[in-house]
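Below: the structure, in structure tokens.
The values are calculated or read from the model by the stated rules, or taken from the named source; none is laboratory data. Keep in mind that this is a model prediction, so the values were computed, not measured. Here Cβ is always computed from backbone atoms with ideal geometry, including for glycine, and neighbour counts include all displayed protein chains. Keep in mind that these areas ignore ligands, DNA and RNA; they rest on the heavy atoms of the full protein, side chains included. Shrake-Rupley method; radii C 1.70, N 1.55, O 1.52, S 1.80 Å.
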Amino acid sequence: MAEPVPFRGGGFQPRARRLVAVATLAVLVAGWSLASRAGWVSPIALPPPEEVATALVRLARSGELARHLAASLSRLVSGFALGAGAGVVVGLAIGLVSLARSAGMPVIAALFPIPKIALLPLFVVWFGIGEASKVATIAFGAFFPMAVATYGGVDGVDRTLIRMAQSFGLPTLSIVRKVVLPGALPAMLSGTRIAAAIAIILIVAAEMIGANEGIGAFILAAGNLMQTDQLVAGVVVLSVLGLTVSGLIGAAESVLLRWRR
Amino acid sequence: MRLVAERIGHGYGALDVLSDISFSVADGEIVAVVGPSGCGKSTLLRILGGLERPRAGRALIEGTAPPGSLNPITFVFQDFALLPWRTVAGNVALVLEDRPLAAAERREMVAGALARMGLADFADAYPKQLSGGMRQRVGLARALVVRPAVLLMDEPLSALDAQTRELLMDDLTGLLAAERFAGVYVTHNLGEAVRLARRILVMSRRPGRVRSVVEIARPIAGRSAGDAELAAAAQAIWESLREEAVAADRELADG
Ligand SMILES: Nc1ncnc2c1ncn2[C@@H]1O[C@H](COP(=O)(O)OP(=O)(O)OP(=O)(O)O)[C@@H](O)[C@H]1O
Ligand SMILES: [Mg+2]
């Protein structure tokens, strides 16, 4: 008697299927709509998606959406660029220079866990209530994950590649540019993801504390007026913003890390 | 140009790795180094190539490098050490980019080295797309392109399967015979040692010393795989190595 060998392999290879992703979102929105219409949730607590969509369209038409989005984006971009840029420089220094490593690691360990939003009042004292204090908060928030990811990436670069470059007489700057940086790039890109997410969280919090314009300020104002349709519309904008940023980083990854495939 | 090891000794912390190693590599001469695992062969090669400072003794260059040599002492690595984010041509070009060469001349040198190793059709491939043998050919092309005087090769074929190794061995013997590079060739494979080397240094277990030196007079070009003289030399080396290998094996097993 012969029996086939029982199959025991397979699995543990999750694949992202676009159709499933879209369908899941659609089902969630449909469920939300159904719950509102059936009266399971009060429209004041959570307005149905149709109303949120209407509110969004109205905001877009009136130009209010563009105004708030522009304010948030300019803070986000400048704060993120400053913080992530400094994070890369400091992370590289920590990864390459003993002195920077000895000095930088304890400082990062001490400051990374501080919720950066707690520093906003201090930055307001330093830089005034204007843009600078908000940009500084975002920059500070983006700095740490970027610095940690960068030095982690540099630490992970294959030492034999560095010795190879040295053995062919490459100057130090070329070794950093052509061996260390590309080797650390995958880690730096995942650091960018985290830094960007933190920056978005911080911008909203900062705008809720002290701003007239910006998505955070808009959401807070809508909440104070019990305009939940506008409030949820603001939250949707944030979600789309997050998706866009993650999409951009994903695109950068697939271009810059083509050699990994 | 001669590369000379002068009473080199080395260690890490309390661990003595090399002790009193002296030998020299003359123009166009290949010296093979064999010895039990962990006896310091790779360490010796790094010291000879200026990647590590010895505790005692020194590595010397006697005479001047041949004119036109960009990197007189050049490594070929066991694990190839190719940049995965650069194409084959990019990996070879890497070692020329910081040299004062015209772009056209550089391109020509890269193309020449790739053609020499039969890689012309693979210039735009990434290392990941290549077989192990092709990857090491890229490593050899990269070494060739800087016109070395002495090649330092640390088990360059040991990451390859037996058939590929045989093919690359033919390439390598052809190359060494034609270009008259000098070289230090570290290997565990006695067959490779007797195929390539003018002299074979047999090292003792750690701390590594030169236990014996076996000379083979016949030119590389005239050697073939099934040669009786070479087989006899390999047998002599194995006898010299055997006790050391057994002892080294025990030592490692004891921790
Ligand atoms: N950077 C290092 N720090 C500490 N110990 C080291 C270092 N490099 C090598 N060693 C030790 O020195 C000894 C010799 O190492 P080496 O790699 O030179 O041996 P080897 O002869 O090349 O061995 P194998 O034949 O296995 O390649 C080993 O015991 C190794 O553990
Ligand atoms: Mg070794």
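Quick test for you: out of B:16, B:98, B:79, pick the one residue that is over 15 Å from the mean Cα position of the chain (by Cα) and within 16 Å of ligand 1 (Cβ to nearest atom). The match here is B:16.
Listed by first and then second residue, the pairs linking a residue in the range B:112-135 that is without any contact (Cβ under 8 Å) to a residue 24 or more places away in the chain and under 17 Å from residue B:166 (Cβ atoms) to a residue that is among the acidic types (Asp, Glu) and open to solvent by 30 Å² or more (accessible area, probe 1.4 Å), with Cβ atoms under 7 Å apart and 6 or more places separating them unless they lie on different chains, form an empty list. Residues satisfying the criterion are present in the range B:52-64 (criterion: free of Cβ contacts under 8 Å to residues at least 40 places away in the same chain and within 13 Å of ligand 1 (Cβ to nearest atom)). All conditions in (1) farther than 26 Å from residue B:158 by Cβ; (2) part of a loop (DSSP other than H, G, I, E, B) hold for residue B:81, with the sole exception of (1). Filter the range B:19-53 down to the residues that are away from chain A (no Cβ under 14 Å), surrounded by 22 or more Cβ atoms within 10 Å (Cβ to Cβ) and either away from ligand 2 (no atom under 14 Å from the Cβ) or under 15 Å from the mean Cα position of the chain (by Cα) (or both) and list them by number. If the condition is that a residue be away from chain A (no Cβ under 14 Å), surrounded by 22 or more Cβ atoms within 10 Å (Cβ to Cβ) and either away from ligand 2 (no atom under 14 Å from the Cβ) or under 15 Å from the mean Cα position of the chain (by Cα) (or both), then B:21, B:25, B:30, B:31, B:32, B:33, B:34, B:35, B:40, B:41, B:44 are the ones that fit. Taking helices (runs of 4 or more DSSP H) as the structural unit, those lying wholly within the range A:39-128 and holding at least 2 residues that are closer than 30 Å to residue A:185 by Cβ and in contact (Cβ under 8 Å) with a residue 24 or more places away in the chain correspond to A:64-96, A:98-111. Residues of the range A:229-261 that are open to solvent by less than 50 Å² (accessible area, probe 1.4 Å) and either within 14 Å of chain B (Cβ to nearest Cβ) or not in a helix (DSSP H, G or I) (or both): A:253, A:257, A:259.
Search the range B:119-134 for residues being away from chain A (no Cβ under 13 Å) and in a helix (DSSP H, G or I), and hand back the single one that is surrounded by the fewest Cβ atoms within 10 Å (Cβ to Cβ). Of everything passing the filter in the range B:119-134, B:121 is surrounded by the fewest Cβ atoms within 10 Å (Cβ to Cβ).
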